[in-house]
Amino acid sequence: MKSRLASLVLLIAAIVVLALLPALVNNYWLRIATGALMWAGLACSWNMLGGYAGYINFGQSAFFGLGAYTSALLMGDPLGLPFFATIPAGIVVTAIFAIIIGAPTLRLRGAYFAIATWAFAEVLTQFVNVVGFTGGIGGLNLPPFLDERFFYFTMFAAAVLTYLVTWALFERSRFGLKVKALRDHEPAAEAMGINTALVKLQTFVLSAVTASVFGSIFAYWVTFINPKSVFGGDITDQMVVMVLLGGLGSLWGPAIGGVGLFVINRLLWMNWGDTAFYIAILGAAIVLVVLFLPNGIAGLFAKRPAESATVLDKAVDKLVGNGEGGHS
Amino acid sequence: MDLFLQTLLNGLLIGGVIATFTIGFQLTFGVLHVIDFAVGGWVVLGGYLAYYMAAELGLDGFLAIPVAFVLFGVIGYLIGPVLYNVRNSRTARPELMALALTFGLFTLLRGGMLTAWGFNTHSVPTALSGESLSIGPVIVPLIRVAAAAFAVAIAGGLFVFLYRTRYGLAIRATAESRQNAALMGVNIHRLSANVYGLYAGITAMAGVLMGAIYSVNPEVGLRYTLFAFFVAVLAGLGSVGGALVAALLLGVIEAFVSTYVGSSYSLLAIFATLFLVLLVSPRGILQRGL
């Protein structure tokens, strides 16, 4: 009870500091803070499916890009819709894509799903590169709007909402239990009467839609997008690293990983410019985390060891007689 | 018609080279149960080795082939046990952790190569570069013929090794059932290291050939990883025989799309095919399944 109160105080303090931040720092650091909030949100979106449901999505950048491109196209010349009208549009477009993609691919087991999502993102990138209306490799311009505070608060609201939804849905509801159950043992979850196909699809769509909202805000914020900047595989790479670093399947892990890694990225950028070295650091971070810190930074603070599926797995394997005793 | 034949032949020749590393990729999956994202990284490293041997020491690109096999064989032999340990660790999701590990390895290789060698594209000079062979109306670059011949030799050797030796039998048994193979006295841990070493060595050799045919830069690794995935999905993960067929098919598809539609569409076509196959028949067209 005491520690719960402490963390609540910490949370409120963090929110107050974040809300007052524009008054405390200059525009340069405010931009960095905006970016950090975006990455914390994106990492959380990836964690919904990757951490809670146990399905690795190597194509999350596709949904970020869909949101960005939907906003850019709708705010562009013929229509010129207001920004906040394009966010729901992006959500609808992304949800449609996610259902079309997710319904068949979520039947695939882990590795195949990872390949399928990766292939989907690449198809979409190549498609945006070659068709005309997206501006091809040249990209699209958005009407410039240069108010750093507006973007900071928009991103802040989106991030808070993302974490609130994640907390309510995955940590505090029956839905979250269903998702975790199917992650830990899908056949067992199904045998309990959980419609795993539906639950997986719902999680996937939620995760995709969240990324799309950040894509919309990002596009308006940077006022210029091209396939590489919003569909690039590096975007997914970063989300994966942030979640692994912070802690797969924990609520605060993605925030820790997202903010931490983004700040490191900016510091590197300030000192050495746009460097390929960062990619190497990302790679090394993944390898080291997998080898030495499989539960991420959040795992270090967990009071009891993070819930491990192996006990349940072994028990159920014994019952259903899963020949290899593995997870295949 | 001439163009058609030429495209077909080019595709088959490239497919042969692709087959060498995808067979290794399948073998690794069969034994280690790990999907190796890093496959493209080994291909590119092989190409760079050949480039630097040619540029710094003035050696012919082909001389890099045995060096690549030994060097990356040793590196693979050292990495194999790490992969094995992660895949069989007691963490919550060893399958995803192993996938993440190879993904991290691939990112590390790509970032390291970009940092060390930059974004420039290099070609690997060989004695056969620029020469070509004409069979009737069809003109084929000699380097592609040589590379394909070499690839066929490697693949043939691998098949003989797998199907005609006791150690090959142990590898196949392990791929079929790890538990039973272990009970029959196969040292799975050491076998995993050997298989990953063999695979990394072969893949780097294929990289030398790919570097001589096309050119090499750190970003093309992704393309080869995609090739391996494509073949794995078409053939069914772990299927070694199917990999040969699927690799040839991939070479032909790529050649035809590049020639008749445009090379910027070839990746789109490959990804789209891959994606459709996954939807229609997730266990591979040439089914053997897991």
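The values are calculated or read from the model by the stated rules, or taken from the named source; none is laboratory data. What you are looking at is a predicted structure, and each value in this text was computed from that prediction instead of being measured. Cβ coordinates were reconstructed from backbone atoms using ideal geometry, including for glycine residues, and neighbour counts include every protein chain displayed. Just so you know, the surface numbers come from the protein's heavy atoms only, side chains and all, with ligands and any DNA or RNA stripped out. Shrake-Rupley method; radii C 1.70, N 1.55, O 1.52, S 1.80 Å.
Sparsely packed loop sites in segment A:123-185 (the chymotrypsin sites (Phe, Trp or Tyr not before Pro) outside DSSP H, G, I, E and B with at most 10 other Cβ atoms within 10 Å) comprise A:Phe133. With only Cα atoms counted, the protein assembly as shown has Rg and Dmax values of 24.8, 86 Å.
Rank these residues by their accessible area, most exposed first, probe 1.4 Å: B:Asp36, A:Asp77, B:Asp60.
A:Asp77, B:Asp60, B:Asp36
Averaging the Cα positions of each part gives two centres, and for segment B:186-207 and segment A:34-65 these lie 34 Å apart. When a/c is below 1.5 the answer is rounded, else prolate if a/b is larger than b/c, else oblate, so apply that to segment A:156-251 with a ≥ b ≥ c taken from the square roots of the Cα gyration tensor eigenvalues. Prolate, since a/c reaches 1.5 and a/b exceeds b/c.
Taking chymotrypsin sites (Phe, Trp or Tyr not before Pro) across segment B:203-244, the ones in a DSSP loop with at most 16 further Cβ atoms lying within 10 angstrom of their Cβ are B:Tyr214.
Comparing A:Tyr112, A:Tyr278, A:Tyr28 in a Gaussian network model of chain A where C-alpha atoms under 10 Å apart are linked, the largest mean-square fluctuation is found at A:Tyr28.
Accessible area of B:Leu105 (1.4 Å probe, protein heavy atoms only, ligands and nucleic acids ignored): about 30 Å². Shielding by partners for peptide A:121-128, expressed as the average number of C-beta atoms from other protein chains within 10 Å of each residue's C-beta, is 5.
For the options A:Pro227, A:Pro88, A:Pro104, a Gaussian network treatment of chain A with springs between C-alpha atoms closer than 10 Å singles out A:Pro104 as fluctuating the most. Note on chain A: Rg/Rh from Cα positions, Kirkwood definition for Rh, rounded to two decimals, is 0.97.
A prolate overall shape is assigned to segment B:68-143, the ratio a/c of its alpha-carbon gyration tensor axes (a ≥ b ≥ c) being 1.5 or greater and a/b exceeding b/c. Taking max minus min of the alpha-carbon positions on each principal axis, chain B gives extents of 57, 46, 36 Å, largest first. Scattering from segment A:46-202 was approximated by placing one identical point on each alpha carbon and applying the Debye formula without solvent; log10 I(q)/I(0) at 0.09, 0.12 1/Å stands at -0.37, -0.64.
Here the simple spin-label model places points 7 Å from the Cα toward Cβ, and for B:Ala127 and A:Ala157 these points are separated by 7.2 nm. When you restrict to C-alpha pairs under 8 Å that are six or more residues apart and normalise by the size of chain A, the relative contact order lands at 29 percent.
Computed with a 1.4 angstrom probe on protein heavy atoms, the B-A interface buries about 4400 square angstrom of accessible area in total. For the protein assembly as shown, the number of Lys pairs separated by eight or more positions or lying on different chains, with C-alpha atoms closer than 18 Å, is 4. Basic side chains Lys and Arg get +1 at the Cβ, acidic Asp and Glu get -1 at the Cβ, and with that the dipole of the protein assembly as shown about its Cα centre reaches some 1720 debye. Comparing B:Ala181, B:Ala64, B:Ala247 in a Gaussian network model of chain B where C-alpha atoms under 10 Å apart are linked, the largest mean-square fluctuation is found at B:Ala181. Accessible area per residue for chain B is 38 Å², calculated with a 1.4 Å probe on protein heavy atoms, without ligands, DNA or RNA.
Of the residues A:Val241, B:Met210, B:Met184, the one whose Cα sits farthest toward the positive end of the charge dipole of the protein assembly as shown, with +1 on the Cβ of Lys and Arg and -1 on the Cβ of Asp and Glu, is B:Met184. Stretched out straight at 0.36 nm per residue, the stretch from B:Leu276 to B:Leu169 would grow longer than its current Cα-Cα span by 35.1 nm.
For segment B:102-248, a Kirkwood hydrodynamic radius built from all Cα pairs, placed in the Stokes-Einstein relation at 25 °C and 0.890 mPa s, yields a translational diffusion coefficient of 138 µm²/s.
Solvent exposure of segment A:24-232, expressed per residue, is 37 Å² of accessible area, with all protein chains present and a 1.4 angstrom probe. In the protein assembly as shown, helical runs assigned H by DSSP with n ≥ 4 each contribute -39500 (n - 2.57); averaged across all residues and rounded to the nearest 500, the mean residue ellipticity at 222 nm is -24500 deg cm²/dmol. Counted residue by residue at 0.36 nm each, then reduced by the alpha carbon distance between them, the extension gain from A:Val9 to A:Glu190 reaches 61.2 nm. Shielding value for B:263-276 is 5, the average number of Cβ atoms from other chains within 10 Å of each residue's Cβ. With a cut-off of 14 Å between beta carbons, the residues surrounding B:Ala272 carry a summed charge of -2, where Lys and Arg count +1 and Asp and Glu -1.
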